[in-house]
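So the structure is just underneath, and the comments pick up after that.
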Amino acid sequence: PLDFTLQADAGAVLQDVKDAAEASDMTFPLALGAQGSCTIGGNVATNAGGINVLRYGMTRDLVLGLETVLPDGTLSNGMNGLRKDNRGYSL
């Protein structure tokens, strides 16, 4: 995609998300031992770290926003297209 973002459902398996990112010449750096069976929803809920945590951060550092359905059925849209980062050049 042109904006280099990836959207995934909560039930998407981490390995499938990583494969979809690689197919678009991107990377999803979260790497876990159970990446063939764990889901993105579980990773976000537990703020999973994985073996690349020191370089890329926790799961919350990789998420731009969430679209959720609240218990009363209303849709909460917290999707953001860009995260402000003014720390300097990303080398």
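Bear in mind that the values in this text are calculations on the coordinates, not laboratory data. What you see is a predicted model, and the numbers here were worked out from it, not measured in a lab. With ideal geometry, Cβ positions are generated from the backbone for all residues, glycine too; neighbour counts draw on all protein chains shown.
Grab the Cα-Cα distance for D9 and L70, subtract it from 0.36 nm times how many residues apart they are, and report the gain in nm with one decimal.
20.4 nm
Where does the charge balance sit around D16 when Lys and Arg score +1, Asp and Glu -1, over other residues with C-beta under 13 Å from its C-beta?
Values: positive: K18; negative: D9, D19, E22.
With Lys, Arg at +1 and Asp, Glu at -1, the neighbours total -2.
In whole Hz, what ³J(HN,Hα) sequence does segment 42-47 give by Karplus (6.51, -1.76, 1.60; θ = phi - 60°), x for Gly and Pro?
3J(HN,Hα) across segment 42-47, in whole Hz: x, 5, 5, 5, 9, 6.
When 1/r is averaged over all different Cα pairs and the result inverted, which Kirkwood radius in Å belongs to segment 14-78?
Working: mean 1/r = 0.0777 Å⁻¹.
Over segment 14-78, the inverse of the mean reciprocal pair distance is 12.9 Å.
Taking a label point 7 Å from the Cα of D61 along the Cα→Cβ vector, which residues of segment 10-52 have an amide N closer than 19 Å to it?
The answer is 18, 27-33, 43-52.
Which order do T68, T74 fall in if you start with the one that has the fewest other Cβ atoms within 10 Å? Mind dumping the intermediate values first?
Values: T68 11, T74 8.
Lowest count first: T74, T68.
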